[in-house]
Structures are given as structure tokens and as C-alpha cells.
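Taken together, the values in this text are just the output of simple stated rules run on the coordinates, not laboratory data. All values reported here derive from a predicted model rather than from experimental measurement. Using ideal geometry, Cβ is built from the backbone for each residue, glycine included, and neighbour counts are taken over all protein chains shown.
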């Protein structure tokens, strides 16, 4: 989750309201504020904010599930503290994000000293009221434009509800949608992961919200 950075005391020369910054300026911002995390999407920098108890619990459960099922093989899971490069097919635009969870199957991304995931295969976002519009908007589009990403997973933090978009094997611009609710097994097919949705929401005590299909 992220919010626009606003600080009256900041010495940084921010772009005008609604303005963009260059990629070089974004990296300079990161160096000036090493104790903060920023996402860079469509030329805009977004300061990462804290999350709710539900958000934290779901991300922890997801991390445990991924680690448990990816112990063997070439794929590894990473948490929200690892930055992900979202390249584009033509290479003209680059985005930098902190998904709530990321899976990469590329050997170079697994190096212990690595600080940037360059070949994400699966990205997972736990939706928050303050960031859902961006997660479904410009950030979602950046995920779709990243050629290595095969599945995009969005998880509600208010009900047992998981949405997945999977890239078509033959047509890269085509995405297939499916969703899961209470009592179902969530499948992340590109990394061969299956998990009871109850395990994703384990430890949370809330009444199931009624999901209305459009």
C-alpha cells in the first residue's frame, strides 16, 4: 500500500501538484530518504504507508504458504520489503513497486545480495481502501505491461475473496480472470501453488461479506 508523499518540512524539490519526475530524480529521492520506501509508477512517486492488522495477517499467511510450497524447484517468494522492477515490452518505460508478495523463478533474482527483483512471475496485492484504486488502475496496468509477469493476484482484506488474472500462453496481451470465495482452493497456476482460502485468512475473525458477482 502507498500514499502520495507530502511533507511541508521536506527539502526535496517536489514536482508541482500532479506533476511527474524522471526516473533519475526518483532514484535520487530514494537515496535522500533511505529509511522510506517509494513506488514509482507512470513517473509519479508514492510513499509507502503502514497497513492494518488484517493486511499484515494476510501477507504473513501468504508468505508462509508460498515458502512452504516453493521449498523445492527454482521459484522463490519475496515479501513487501524487496523492490520489484516492472519493465515493459518495448523497454521505454520502467516502474518500481513493492508488491505485498512476489514470486520469481529467475536464478539471478535469488542472489543473497540482490536488492531488486527483475523477473517477477507472480505479484500479489492485499487491497486497502486507500490504495485499491491505484492497485486496480495504474499499478495493475504496469503489472500487465511487465513481460515476465504471468499472474496478478488481488486479495480482499475484508472478506475471503481472491481474484487472479493469468496471462494467456499464446497471446501475451490476453488475460484470463477467475475468482475464489469461502470453501474454495485458490490456484496460482504459473507456479503450481494450491491453497485453501481459509489458510490465507487464518487468524482473522470477521463475518463473511456477501460477494455479488457483476
Percent RCO, i.e. relative contact order, over segment 53-200, from Cα pairs under 8 Å lying at least 6 residues apart: 19
Percent of beta bridges antiparallel (DSSP, segment 53-200, rounded to nearest 5): 80
Ranked 40, 96, 177, criterion: other C-beta atoms within 10 Å, fewest first: 177, 96, 40
MRE, 222 nm, helices only [DSSP H, n ≥ 4, -39500 (n - 2.57), over the chain, to nearest 500]: -5500 deg cm²/dmol
Residue list for segment 71-87, given a label point 7 angstrom along the Cα-to-Cβ vector of residue 106 and an amide N cut-off under 17 Å: 74-79, 82-87
Rounded if a/c under 1.5, otherwise prolate or oblate - segment 111-199, Cα gyration tensor axes: rounded
Cubic angstrom per residue, convex hull over Cα atoms of the chain: 144
